[in-house]
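The values are calculated or read from the model by the stated rules, or taken from the named source; none is laboratory data. Because the structure is predicted, anything quoted here is derived from the model rather than measured. A quick note on method: Cβ atoms are made from the backbone with ideal geometry, for glycine too, and the neighbour counts reach across all protein chains shown.
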Amino acid sequence: MNKILSASLMIIMGLTSQLSLAQTNSLSMLKENTRWSIDFSSRATRNLEIDRTSFTNVVGLDVHKVFSSSTSDIGTLIFQPYLVKLNNESNPNLTFDHANDAKVIWRMVNFNYTALSQGKLNIRIGHFEVPYGLEYLVDTNGTLRQLTFTDRGIKGDWGVSINGIMPKFEYEVALTRGTNQDITSSDNPYIFSGRLGTLSNKNFVTGLSWFTGDVLGNNGLTNIKKLGIDASYYYYQWEFIAESSIGKTAQNDTVNTFVEALWKTPNEEFVAYLQLGYQQTEVASLESNRVDSSSYWVVGVQWLNSQGIDLSAQYKNKLNDASTVEVAPTLSIQLRYRI
């Protein structure tokens, strides 16, 4: 009996040792090539035309993890759940039920499998940036500074893509759900989009993008088709970017143009930018077609320090607007802190 008990204890101790080693290895694997932060932000936006102020308070987790083997990288995981609380929001998007709603949203949650051909052919699945134009190149998530995604009504979406970096160009082609946050929908929305461009680590970058599909919004499905080109030029502390597109929104012909000039200090603690945007819409009707055009300008500043504090302000106003596109003068201030 004592021999049996001794043998049993030895087996249990051996299994415990193996389990402890496995847990240690698992924790080591999770910590390796991992960076994470907790993101807090509070934003106030004042509509100067109707004297209404709305607030958005956000807290989220930002995890980036690279999985690797002994010889190469396997893939990259991005995990960004955020709790968003609205207060007095005049026009909440489809994700929120009312002006003072609170929801957990997925900013970006995806895995990009990169082990097929040394980064030349990768497979991404999850919630990711819709590959189109400047928004695909510049990370503006969580900031006041935004570029052109409002032309299409969607920035991130659930789906799958193929992407890669070749010796002379890079690309991503995606098929996504067309719903932004919701995975399921009875209306059968979808988006087929992509961007083909020169290498993004150069001083001069150009790209060709397309976007077609039925996008789910506050007013139901909207059929959107876009074909766009973008260009970026980086010169010391200056950045000059531009995007132009033609297409259709709900069977109305559209033309969109966007340009931005940005300057930053050498240590990138202070950023200032000026944006100009233009949209033309040819509204089709039984009697005759009407061409509406609108334009706006934006000026913004951002201050960041090494302790994770990010203070920014932005003012937007119209140059002219139309019945189809109205631009209200707005002043926004945001305080953000990342641990």
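For this structure, a couple of remarks:
- Output for segment 159-203, where each listed residue is aliphatic (A, V, I, L, M) and not in a strand (DSSP E or B): MET166, ILE183, LEU199
- ASP187 being farther than 23 Å from ASP139 by Cα, exposed (fewer than 14 other Cβ atoms within 10 Å of the Cβ) and of a type in the set (Asp, Glu): yes
- Hey, TRP210 in contact with a Leu (Cβ under 6 Å, 6 or more places away or on another chain) and of a type outside the set (Val, Ile, Thr) or not: yes
- Checked against the criterion of being over 23 Å from the mean Cα position of the chain (by Cα) and of a type in the set (Ser, Thr, Tyr), the candidates SER306, SER332 yield just one match: SER306.
- Among the residues of segment 32-51, those that are part of a loop (DSSP other than H, G, I, E, B) and closer than 27 Å to GLN302 by Cβ comprise LEU48, GLU49, ILE50, ASP51.
- Residue list for segment 94-111, filter: under 22 Å from the mean Cα position of the chain (by Cα), more than 17 Å from HIS127 (Cα to Cα) and either surrounded by 14 or more Cβ atoms within 10 Å (Cβ to Cβ) or not assigned by TED's automatic domain parsing to the domain that holds ILE38 (or both): PHE96, ASP101
- Restricting segment 52-103 to residues that are hydroxyl-bearing (Ser, Thr, Tyr) and part of a strand (DSSP E or B) leaves a set whose member that is farthest from THR222 (Cα to Cα) is SER68.
- Scan of segment 267-281 for residues that are in a strand (DSSP E or B), out of contact with any Phe, Trp or Tyr (no Cβ under 6 Å at 6 or more places or on another chain) and surrounded by fewer than 16 Cβ atoms within 10 Å (Cβ to Cβ), ordered by number: LEU274
- Odd one out for PHE149 among (1) out of contact with any helix residue (DSSP H, G or I) (no Cβ under 7 Å at 6 or more places or on another chain); (2) among the hydrophobic types (A, V, I, L, M, F, W, C); (3) free of Cβ contacts under 8 Å to residues at least 40 places away in the same chain: (1)
- Which numbered condition SER200 fails, given (1) touching a residue at least 60 places away in the same chain (Cβ under 8 Å); (2) surrounded by 17 or more Cβ atoms within 10 Å (Cβ to Cβ): (2)
- Flag for GLU172 being farther than 21 Å from LEU221 by Cα, buried (at least 17 other Cβ atoms within 10 Å of the Cβ) and touching a residue at least 12 places away in the same chain (Cβ under 8 Å): yes
- Test: residue in segment 130-151 that is over 25 Å from PRO92 (Cα atoms) and β-branched (Val, Ile, Thr): no
- Checking the stated criteria, GLY75 turns out to be modelled with pLDDT of 95 or more, among the small types (Gly, Ala, Ser) and over 28 Å from ASN47 (Cβ atoms).
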